[in-house]
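One structure is given here, and the rest of the page talks about it.
The values are calculated or read from the model by the stated rules, or taken from the named source; none is laboratory data. Here the structure is a predicted model, which means the values were calculated and not measured. Using ideal geometry, Cβ is built from the backbone for each residue, glycine included, and neighbour counts are taken over all protein chains shown.
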Amino acid sequence: MPVYNSKQKVKSGMPLGGIGAGKLEITPSGTIDYITYLNNWTRPIENQKNKEKGKALGVAGFHFALYVNTKAAAICKLLQTEKIANYNTIKSIDFDGKFPNARLVYSDDNLPVEISLNARSFLIPGDVKNSSLPAALFEFEVKNKINKDIEVGLMFIARNLVSKNSVGRYNLLKKDHNMIGIEFLHKNPLPNDIAAGNTFIGVPEGIGKVSYLSAWNMQRENFCFEPNIGLDAFEYFSDTGRLPNIQMKHPSESQSIELGGALAVTFKLNAKQYKKVPFVHSWYFPKHFLGHFYEKGFKKSREVGLYVNKNKDDLRKRTSRLPAIIDGMGLEGWLCDALMNNLYTLFSSSWLTRNGDFTMYEAPIICPLMGTLDVYFYASVPIALLFPGLNIKALLLFKKSIRKSGYVPHDIGYERIDLPSNGTTMTLWKDLNSKLILQSYNAYLNSGDMKFLKEMYPALKKAFEYSLKLDNDGDGLPENEGFDTTFDTWGFKGTSAYNAGVFLVSLLAMKKIAEILNDNRLAVRCMERFDRGRRSFESKLWNGKFYITAKDEKRDYESCMIAQLAGQWYAYLLGLGRIFPDEKVKSAIKWIFKLNDKDSAYGATNSVFLNKTRDEESYHSQNIWPGVCYSFAALAIYEGFVKEGLNLTKKVWNTLTQKNKNPWNQPDVILTKDGSFGFGDYYMRNSVIWAVLPALGKQNERVEKGLEKIRELARESYV
C-alpha cells in the first residue's frame, strides 16, 4: 500500500491537478515535484538530483512552513524533511496516499502542536468540469497539544514559473471575494510561449491574520539558483510568524531573478484547540495549441482559486463518494488503495481540449503517442465506467483517423491528435481493429449512448471488413506477421492465441452492435466467421494443457503466454459469456499460475515453456507487464480462481509500491529477474486493475451492488 515515511526513497509523489489540466506531485518528503501544468507533460519541472538520489526531492521554491510561539519559546520550520540551504526542516513525515488525496502527518521533537496536511484535488465520476479543475487544495489541521494558549502561523511559498523567460515576470497581490491571494504573471510573453499564462496561491480571509510578501528574488548567486536559494519569506516568518506585507512594484528586469511569493496565516489556539487552514494553488495555461477544457469556465487562475475556495466542502464531499463506495465493498485495504491510486494517470497523462476532445499519452516522457489504442484497450476499462462521456470522445478520435482501407491506426499522433501513425513497427498491426470494435461496444454498454453507436457504426464496419482480410489461409482467423501487436518487440507469427482470441470476441461484439442497429445480414456474417474461427483456434493452438502462443507453417511456438485468453477476459467484461470450452479455459489458467506466476516473485512472466524455462526470445516475452497480469487476474477470478487472482494482483501491486516505491509513475514493463522498472513512465495500461472489480462482482453480490452505485454516480453527471 502507498503508505510511506519521509525517510524512505519514494521516487514519485501523488499527482494533484485535474483531467487534462496538468499536475504537480506532493511527495512523502513534504515537497512539490514533477510539475507539468505549464503544457509540459513530456518535460516535467523536477529537482535535477532526483535520479541521483533515487527519490523525489522537490522543486526548490515551493514550500510550506509552520511557526509556533508558546511565549516560552518560538519554533519555525519548513514542513518538509528535505534540507534546503540552511533552513530548519521538520524531522519526519508519515505519508498516506489515496488518489486524489494525500495525508501527511508531521512529527518533530517537542513540537507543541499536532499538525497534518490533506493535499487534495477533485475526481467526481461523470462530472468532467469539476474533475478537470486546474487546482490543488492544501488543508492543514493544527491542534494545540499543551495546556496554555499559543500563537500559530502557517505559510505557503510558491515560485513564479510563468513563461520561458524570467524577465517580465511579476507577482500581484489581490483581495476580493473573501480571499487574499497572489497571482504569478508575466508582462509580455511571446505568442508561441506555451508556458504563458498565470498561477495563483490564495487563502480565505477570516481564518486568522493574513500577511504576505508578494515578491522577492529567490536567486542568490549569478547563473545559479538551487544550491543557495534564498527564502526571504521564511526569514521574516521565523521572527514573528508574520510576513511584512510588501507588494511588488515592477516586473523583473534581470535573467538572474527567480521570483517567489508567500502568504501566511497567523492565529491563536487555546489549550487543546483545533483549527483547519486551507491554501489553494491554481493555474491557467491556455497557450496549448488545442487549449484546455477548463477555459470554458474560467478566464484566469485566480477565478479557479476562488471557485475552489467557495465550493471546497461540496467538492471534497463529492470526491469522497467513489472511495467510500469502494471501501464499502468489503475488499481488502490494499485493493481499495490500488484501485484508487491506479487512476493517477487521469491527471498525469491526459489531454482534455478546449473543444472537449479527450485522449491520453501512452507514456508522456518516453513514448508521447496520443491515445495509443492497443494500450487504451486496457486503460479504457475504468474510464468507460467512471467517465463514459470522455471514453466516447477518445474513441471518436479514432473514428476520424481510420484509414481508407479500414485499418485502424495505432495512435492519433505524436503529441498531437490529428496525425495518426500505423504503429511503432513497420508491419501493420493485427490487434487494433478488433480492439476498436470491443472498446466501442464497451463504451455503449457503459453509457447507453445510442447516438454514439450509430455515429461509430460506419467506421466499425470498415474495421470489421479489414480484419476479415487478415485471414490468409481461410481458417477464419487473422495471421500475425511478427512484431504487429501490443507486444511489439515479440515477433510471433501465424495464428496467435492473443490476437486470434481478441478477434473472435470482436466478432461477437460486432454481432451485438449489428443486432442493436438492425443490420441482420452483418450479424449473420459475424456468427459464421466466429464459428469457423473458433474451431480453428481449438485445433491449431490447444496442446492438451493450454493454448500455445502461436503456430505457423514453420513453427509451433509452444510457450505458455499469460495473455493467451485475453479475448475470453474481455468477453466476460462485455457480458458475452464463455467462448472457449470450460475445461480448457480452467486448465489454461491453472498452467499459467504454475508456469508464468511461479517464474518470478514480482509478477507473472509473459511467456514460459512447459519445462519451466523462461521464454527469452524477446524483451517482452521474458518480462512482466503489470496491466496484462491484472487482466489475467480478472479472468481467473471470473473462472472461480478468486484467491489466486487476488494474490497475483497483490504481488504486482506490492512490486510497484513496496519494492520500487513508485506507485504514481508506473512502467509498462517490470523486469522479471529483479522486479525493477523496465520500459514506460506514467503508463496508462496499468489502470486496468479496475477489471478485477467486475470479475469480483460476479462472485460477490456486495461488490456488484457497489459497482452499480458507481455506475449511478457516473450517470448523474453524464451528458
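Across the range 643-692, the number of residues qualifying as closer than 26 Å to K435 by Cα and not hydrophobic (A, V, I, L, M, F, W, C) comes to 14.
Evaluated against (1) in a strand (DSSP E or B); (2) among the β-branched types (V, I, T); (3) farther than 30 Å from K268 by Cβ, T42 falls short on exactly one condition, (1).
Residues in the range 469-493 that are under 13 Å from W429 (Cα atoms) and either at pLDDT below 95 or not basic (K, R) (or both): how many? Qualifying residue count for the region: 16. Applying a threshold of 8 Å to beta carbon distances and a minimum spacing of six or more residues, or different chains, the list of pairs starting in the range 116-134 at a residue that is among the acidic types (D, E) and ending at one that is modelled with pLDDT of 95 or more reads D127/R318.
Under the condition of being part of a loop (DSSP other than H, G, I, E, B) and of a type outside the set (S, T, N, Q), the residues counted in the range 218-271 number 19.
In the range 460-484, of all residues being polar (S, T, N, Q) and not in a helix (DSSP H, G or I), the one that is surrounded by the fewest Cβ atoms within 10 Å (Cβ to Cβ) corresponds to N472. Considering (1) small (G, A, S); (2) assigned to a loop (DSSP other than H, G, I, E, B); (3) crowded, with 23+ Cβ neighbours inside 10 Å, the lone condition that G17 does not fulfil carries the number (2). The requirement of being over 28 Å from R318 (Cβ atoms), modelled with pLDDT under 95, out of contact with any Lys or Arg (no Cβ under 6 Å at 6 or more places or on another chain) and surrounded by fewer than 22 Cβ atoms within 10 Å (Cβ to Cβ) is satisfied by N222. Looking across G645, G627, one residue alone is in the same structural domain as C560 (by TED's automatic domain parsing), outside any loop (DSSP other than H, G, I, E, B), under 22 Å from P364 (Cα atoms) and in contact (Cβ under 8 Å) with a residue 12 or more places away in the chain. It is G627.
The residue list K511, K404, K454 contains one member that is in a helix (DSSP H, G or I), surrounded by fewer than 21 Cβ atoms within 10 Å (Cβ to Cβ) and over 27 Å from the mean Cα position of the chain (by Cα), which is K454. Residues that are farther than 18 Å from G260 by Cβ and either without any contact (Cβ under 8 Å) to a residue 60 or more places away in the chain or not aliphatic (A, V, I, L, M) (or both) within the range 58-74 comprise N69, T70, K71, A72, A73, listed in sequence order. Residue count for the range 560-596 under the criterion of being farther than 30 Å from L507 by Cα and surrounded by 22 or more Cβ atoms within 10 Å (Cβ to Cβ): the result is 1.
Return yes or no: is V524 part of a helix (DSSP H, G or I) and within 19 Å of K435 (Cβ to Cβ)? So V524 does not fit the description; no. Search the range 672-719 for residues being part of a helix (DSSP H, G or I) and among the β-branched types (V, I, T), and hand back the single one that is nearest to E362 (Cα to Cα). Top of the filtered list is V688.
When L369 is tested against (1) part of a strand (DSSP E or B); (2) of a type outside the set (V, I, T); (3) touching a residue at least 60 places away in the same chain (Cβ under 8 Å), exactly one condition is not met: (3). Which ones in the range 608-624 are within 30 Å of L343 (Cα to Cα) and free of Cβ contacts under 8 Å to residues at least 60 places away in the same chain? Q622, N623, I624, listed by residue number. The residue of the range 527-559 that is modelled with the lowest pLDDT, among those that are of a type outside the set (D, E), assigned to a loop (DSSP other than H, G, I, E, B) and surrounded by fewer than 23 Cβ atoms within 10 Å (Cβ to Cβ), is K554.
Every residue, every condition in (1) crowded, with 23+ Cβ neighbours inside 10 Å; (2) among the polar types (S, T, N, Q); (3) in the same structural domain as L38 (by TED's automatic domain parsing), yes or no:
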| position | (1), (2), (3) |
| --- | --- |
| E139 | no, no, yes |
| K148 | no, no, yes |
| N160 | yes, yes, yes |
| S166 | no, yes, yes |
| N171 | yes, yes, yes |
| H177 | no, no, yes |
| P191 | no, no, yes |
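Could you grab me the full set of residues in the range 40-87 that are within 18 Å of D109 (Cα to Cα) and either among the small types (G, A, S) or touching a helix residue (DSSP H, G or I) at 6+ places or on another chain (Cβ under 8 Å) (or both)? If the condition is that a residue be within 18 Å of D109 (Cα to Cα) and either among the small types (G, A, S) or touching a helix residue (DSSP H, G or I) at 6+ places or on another chain (Cβ under 8 Å) (or both), then A65, Y67, A72, A73, A74, C76, L78, Y87 are the ones that fit. No other residue among K287, K310 is in contact (Cβ under 8 Å) with a residue 60 or more places away in the chain and buried (at least 18 other Cβ atoms within 10 Å of the Cβ) apart from K287.
Listed here are the residues, each with its yes/no results for (1) over 37 Å from the mean Cα position of the chain (by Cα); (2) buried (at least 20 other Cβ atoms within 10 Å of the Cβ).
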{"site": "E226", "(1), (2)": "no, no"}
{"site": "A233", "(1), (2)": "no, yes"}
{"site": "K249", "(1), (2)": "yes, no"}
{"site": "E253", "(1), (2)": "yes, no"}
{"site": "E258", "(1), (2)": "no, yes"}
{"site": "Y274", "(1), (2)": "no, no"}
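The set of residues in the range 50-91 that are in a loop (DSSP other than H, G, I, E, B), touching a Leu at 6+ places or on another chain (Cβ under 6 Å) and either of a type in the set (A, V, I, L, M, F, W, C) or surrounded by fewer than 20 Cβ atoms within 10 Å (Cβ to Cβ) (or both) comprises L79, Y87, I90.
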